[in-house]
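Coordinate-derived values only; no laboratory data. Everything quoted here is computed from the prediction, not taken from an experiment. Here the Cβ positions follow ideal geometry from the backbone for every residue, glycine too, while neighbour counts run over all protein chains shown.
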Amino acid sequence: MAGGQDRRRSAQAARAVRVLRAFGRLWIAVLVGLAVARPAAAVTPAPTQWIAKQYTELLGRAPTAAEWNTQLAYYGASSTPCNVTTLATLGKALARSTELKSAYPETTNLGKAARVTALVRAVYSHDPTPTTGPPTTRPYANGSKTWDQVVDDIYGNGVFAAFLLPSVCSSTQASYGFGYSAPLDLRSLTGGGASRTQAQLQAAIDAAPAGGKVQLQPGEVIRIGGAANGNQGLRIKSGVELSTATNPTPGKYALMGRIVPAGLVCNTYLCNDVGLVTLAPGRA
């Protein structure tokens, strides 16, 4: 009797082992199937801020849903490494697009300077500086370099690779927000004459009648505040509109006149470089 029970227990144990083995093989097959079916994740997340910035700075608008999805698919693919070549793919395409060329025609040096401004802002994440603006604009303005060459140079001069690429391609801390640099006076640099001072613009605003307009010239830069202006801001009186002549659209933002800080502006006990303009009651 005991021997028969032992044989039955052994048979049951053997069947249990076979079931567990079969179950294990099934799970292995399922896991292998999942591994094959799921594409490998990209080592570096898609540089979403970089993608958005190329559209906002070069074209003055956000990407469309279709454009966004296309770029996410490209930069998020495991086959797309994050490097100068791949990042330049989008930037160069937009810089050479009909949309950008139409916004900033090459017919004037101001238009050329505006193109360079949009390009530098997109690639370097700051406004052109004396070391990045004129050296880029001059050979383009005098015809010694084409726009295509200017675009190639800005990615190939080593600056982008050394200073921007590490943060753009970081998988842990993609810290490449827009950095401030004092905007260049495009109007003056391109032969359009010096931009007005704060005092001159303030005088024009004060002299304007109710319902009147005071316009900045395209590319004009008015520097507000600082010791030279008594640390005072610009005051827009009621009924007066301040805008840019020719009314450039957001897609032509690099041609807009600009009001920028020259230093601190003091209002009562508070001094900063943010509150540059005071609007009178009724002035929106």
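Some notes on this structure:
- Distance from the Cα centroid of the range 165-209 to that of the range 110-146 is 14 Å (rounded to whole angstrom).
- For residue 127, distant residues with modelled amide H under 5 Å away: 181
- In straight-distance terms, cross-link reach from residue 101 covers every one of the lysines whose alpha-carbon lies under 29 Å from its own, apart from those fewer than eight places away in the same chain; here that gives 53, 92, 112, 145, 252.
- Taking chymotrypsin sites (Phe, Trp or Tyr not before Pro) across the range 153-238, the ones in a DSSP loop with at most 11 further Cβ atoms lying within 10 angstrom of their Cβ are 180.
- Value in Å of the Kirkwood radius, where the range 141-284 supplies the Cα pairs that are averaged: 18.0 Å
- Theoretical gain in end-to-end length, residue 153 to residue 203 [0.36 nm per residue, Cα-Cα removed]: 13.7 nm
- The range 195-279: relative contact order in percent, alpha carbon pairs under 8 Å with at least 6 residues between: 34 percent
- At q = 0.11, 0.13, 0.14, 0.15 Å⁻¹, base-10 log of I(q)/I(0) for the range 48-184 (Debye sum, equal scatterers on each alpha carbon): -0.38, -0.54, -0.62, -0.72
- When you count the other C-beta atoms within 10 angstrom of each residue and take the mean per peptide, 204-215, 65-76 line up highest first as 65-76, 204-215.
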